[in-house]
Amino acid sequence: MMAVTDLDPLDIWRRAMVANVRRDAPDLSARQMAVLLTVYMTGPPHTVRGLAEVLNVSKPAITRAIDRLGEFGLARRKTDPRDRRSVIVQRTVKGSVYLAEFAEIINEATVERERDLAAAEARQAKARAKKAAVTPAKAAKPKGAPTKTPKTVATAAKKAEQASN
């Protein structure tokens, strides 16, 4: 069974994806996001062939992803002036803004996750403290000893007195 902390990155990703879906922004597939992140986070130039190799997917799949990113204005295609057969994938201002906002969403999801974990730990600590708290009468009584209240002690003494008479 996985520990809760093993799932932290997935929960942060889930929270970020939910927040991204809720905002008025392009809804990208995993492949489209991988292409976009690769274009923005690794040095240019980026070609369809190069992206296909880096991501280990076919050139047509990269072309479809770039077409969709182009529709959203997050990346653009340009014919390589040195080799007209090659297409260069370029960054756009809109793509930079999209990723900056997405990075902020991930940061917020991380803070939210940490806050939720701290609150859960505080609740658990409070529950443990409540469970560990004992009344003075219970603390003085050895385990397994019968519980005697003042009334039962008085009754036992009376019975003992009557038996001795």
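The values are calculated or read from the model by the stated rules, or taken from the named source; none is laboratory data. The structure displayed is predicted, hence computed values, not measured ones. Cβ sites come from the backbone with ideal geometry, for glycine too, and all protein chains shown count toward neighbours.
Points worth noting:
- Residue 10 vs. criteria hydrophobic (A, V, I, L, M, F, W, C), at negative phi and surrounded by fewer than 17 Cβ atoms within 10 Å (Cβ to Cβ): yes
- Taking the criterion of being among the small types (Gly, Ala, Ser) and under 18 Å from residue 98 (Cβ atoms), the residues of the stretch 34-85 that qualify are 34, 65, 70, 73, 75.
- Search result, residues across the stretch 82-125 that are among the polar types (S, T, N, Q) and in contact with a strand residue (DSSP E or B) (Cβ under 9 Å, 6 or more places away or on another chain): 86, 90, 92
- Matching residues, the stretch 14-27, being free of Cβ contacts under 8 Å to residues at least 40 places away in the same chain and within 25 Å of residue 52 (Cα to Cα): 17, 27
- Subset of the stretch 19-54 [exposed (fewer than 15 other Cβ atoms within 10 Å of the Cβ), touching a Ser or Thr at 6+ places or on another chain (Cβ under 8 Å) and not aliphatic (A, V, I, L, M)]: 49
- Considered as a group, the residues in the stretch 60-78 that are loosely packed, with under 14 Cβ neighbours inside 10 Å and more than 20 Å from residue 27 (Cβ to Cβ) include one that is farthest from the chain's Cα centre (by Cα), and that residue is 78.
- Answer residue from the stretch 79-130, given it is of a type in the set (Val, Ile, Thr), in a helix (DSSP H, G or I) and surrounded by 10 or more Cβ atoms within 10 Å (Cβ to Cβ) and is farthest from the chain's Cα centre (by Cα) among those: 97
- Of the numbered criteria (1) within 15 Å of residue 28 (Cα to Cα); (2) among the hydrophobic types (A, V, I, L, M, F, W, C); (3) in contact with a Lys or Arg (Cβ under 7 Å, 6 or more places away or on another chain), the one residue 52 fails is (1).
- Of all residues in the stretch 35-50, those satisfying the criterion of being assigned to a helix (DSSP H, G or I) and within 16 Å of residue 85 (Cβ to Cβ) are 48, 49, 50.
- Here residue 57 meets each of (1) at pLDDT 95 or above; (2) surrounded by 15 or more Cβ atoms within 10 Å (Cβ to Cβ); (3) part of a helix (DSSP H, G or I); (4) not small (Gly, Ala, Ser) with one exception, condition (3).
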